[in-house]
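Every read-out reported here was derived from the displayed coordinates using simple, explicitly stated rules and does not represent laboratory data. Note that the structure is a prediction, hence the values are computed from the model and not measured. Here the Cβ positions follow ideal geometry from the backbone for every residue, glycine too, while neighbour counts run over all protein chains shown.
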Amino acid sequence: MNGTEDPSGQGPLTGLTVVSLEQAVSAPMCTRTLADLGARVIKIENPAGGDFARDYDDVVHGMAAHFVWLNRNKESVTLNLKSPSGLEVMHRLLAGADAFVTNLAPGATARLGLDAETLERRYPQLVTCEISGYGGGGPLSAKRAYDLLAQAESGACSITGLPGAPAKPGPPVADVCTGLYGVISILAALHSRGRTGHGAKIGVSLFDTMTELMGYALTWSRYTGEDMEPVGMGSPSVAPYSSYRTSDGQVVVLGTTNDREWQRLANELLDRADLATAEQYRRGPGRVANRAELDRAIGQWCARHTLAHIQKAADDAGIGNARYNTTTDVVGHPHLAARERWQEVDSPAGRVSTLLPPPDISGHPPILGPIPALGEHTDTVLRDLGLDEEAIQGLRSEGAIGDAYIGRVS
């Protein structure tokens, strides 16, 4: 870490309390980011199984990879919100919270009386952030939406893959980016609350996020009237910018983003002055129109050289380049290892690996708290609310909360 570290280990959001009613990826990404920055995140889960992402798979010592990825630093509280007593506890939590984050199915929060409008009247200081599939006021507003559905609906799949073979971008970018837009909006609303004393109602949808991420492609289509075609490992609007086989069986990715870089690639890497001076390749639109010819020339050159030779030559010429890696390649990536990006956190199944959060904030070392077991913090949080053991056991006997937490695996 750079700068003077806070010896207390607190993050820049220490002192903020976030209550979440979340599933899967988008809202958990939002709240994990807030928790990584020091906020206290109380994750409300159904006693009957909790966040369904807990059961996506069992590859991390019996836990699901999605859940391990997205839920460190959180406290898990089981509440049956269909129980009057459980809902009452929820309101006691919200009364002391700074923000409330949800991503339930359309209409679910309203049926529970936890919609933004109702909560604004009851807790005017509260910032609510409701993550939805399509936002309000449109013909799709009542539809369920998941990452793939939002990516398909927004056109992202149509510019990914190859012509006639569309594909979903691998990472869940609709979910992740929507969650991050939620973080940005919550922090902005909290900043505003510092001046006005009033919270805010935030709505952010997967569809609106994806159409924002599709911005250049949609702008291109709006002004050309044409569909943008996918080009595999490349960019529809930039050339040359693609992947090429090397003589030692690797795949190198080379990219140029402007005319000057193209000149350096043609002259200094390929030693092809004829390509550098050819009028049809002089400007970006011409290179895009003649992408196949340029890729063929670059591919032939790469096929005669090793990955190491190509990358050194590209670095020397100031040409962006990378090695095509698989996920297992990246797990052991030397750049991650040298910078100690893999760390360990506690979990119900023992210590597990996790990547450090991307931001490096001077004075605030990364916070890497445990991954919670289902309902692990229920009793502790209820005691914090002032409930005694008799009251807690009463809630348990009513089915308002889940079973008592037993303990972690050592």
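Computed from Cα atoms alone, the Kirkwood hydrodynamic radius reported for the range 241-323 is 12.5 Å.
Relative contact order of the chain: 21 percent, from C-alpha pairs under 8 Å at least 6 residues apart in sequence.
In order along the range 284-292, the phi-based Karplus estimate (6.51 cos²θ - 1.76 cosθ + 1.60, θ = phi - 60°) of 3J(HN,Hα) comes to x, x, x, 5, 5, 5, 10, 3, 4 Hz; Gly and Pro are listed as x. Kindly state, to the nearest 0.05, the FRET efficiency for Q393 paired with A142, given R0 = 51 Å and r defined as their beta-carbon distance. So the FRET efficiency works out to roughly 0.80. Considering the chain as a Gaussian network with a 10 Å cut-off on Cα pairs, which listed residue, V231, V176, V41, attains the greatest mean-square fluctuation? Result for the chain, Cα springs under 10 Å: V231 fluctuates most.
The chymotrypsin sites (Phe, Trp or Tyr not before Pro) of the range 75-168 include none that meets both conditions, a loop assignment by DSSP and at most 10 other Cβ atoms within 10 Å of the site Cβ.
Placing +1 on the Cβ of every Lys and Arg and -1 on the Cβ of every Asp and Glu, with no other charges, gives the chain a dipole of roughly 680 debye about its Cα centre.
Sequentially through the range 130-138, phi angles give Karplus couplings (6.51, -1.76, 1.60; θ = phi - 60°) of 9, 8, 10, x, 10, x, x, x, x Hz, Gly and Pro residues having no value and appearing as x.
Calculate, for D259 and E340, the FRET efficiency according to 1/(1 + (r/R0)^6) with r their C-beta to C-beta distance and R0 51 Å; round to the nearest 0.05.
After rounding to 0.05, the efficiency reads 0.80.
With springs only between Cα atoms under 10 Å, which of P169, P47, P334 fluctuates most in a Gaussian network model of the chain? Maximum among the listed residues: P334. One compactness figure for the range 313-410 is 1.76, namely its Cα radius of gyration divided by 2.2 N^0.38 Å. Taken along its principal axes, the alpha carbon cloud of the range 47-148 reaches lengths of 44, 35, 24 Å, longest axis first.
Stokes-Einstein diffusion of the chain at 25 °C, 0.890 mPa s viscosity, Kirkwood radius from Cα pairs, rounded to a whole number: 101 µm²/s. Backbone phi angles across the range 342-347, fed through the Karplus curve with coefficients 6.51, -1.76 and 1.60 (θ = phi - 60°), yield HN-Hα couplings of 7, 10, 10, 10, 6, 7 Hz in residue order; Gly and Pro are listed as x. Cβ-Cβ distance of E117 and N325, R₀ of 60 Å, FRET efficiency by 1/(1 + (r/R0)^6): the value works out to about 0.80.
Across q = 0.12, 0.14, 0.16, 0.17 Å⁻¹, the range 104-186 modelled as identical point scatterers on its alpha-carbon atoms has Debye log10 I(q)/I(0) values of -0.46, -0.59, -0.73, -0.80, in the order of the q list. Positive-end ranking of G137, C30, A97 along the dipole of the chain, with charges on Cβ about the Cα centre, is headed by G137. Based on the Stokes-Einstein relation at 25 °C and a viscosity of 0.890 mPa s, and on the Kirkwood radius from alpha carbon pairs, the range 174-298 is assigned a translational diffusion coefficient of 137 µm²/s. Percent of Cα pairs in the range 75-117 per distance bin of 10 Å, from zero to the largest separation: 24, 63, 13. Both radii come from the Cα set of the range 206-251: Rg as radius of gyration, Rh as Kirkwood radius; their ratio Rg/Rh reads 1.15.
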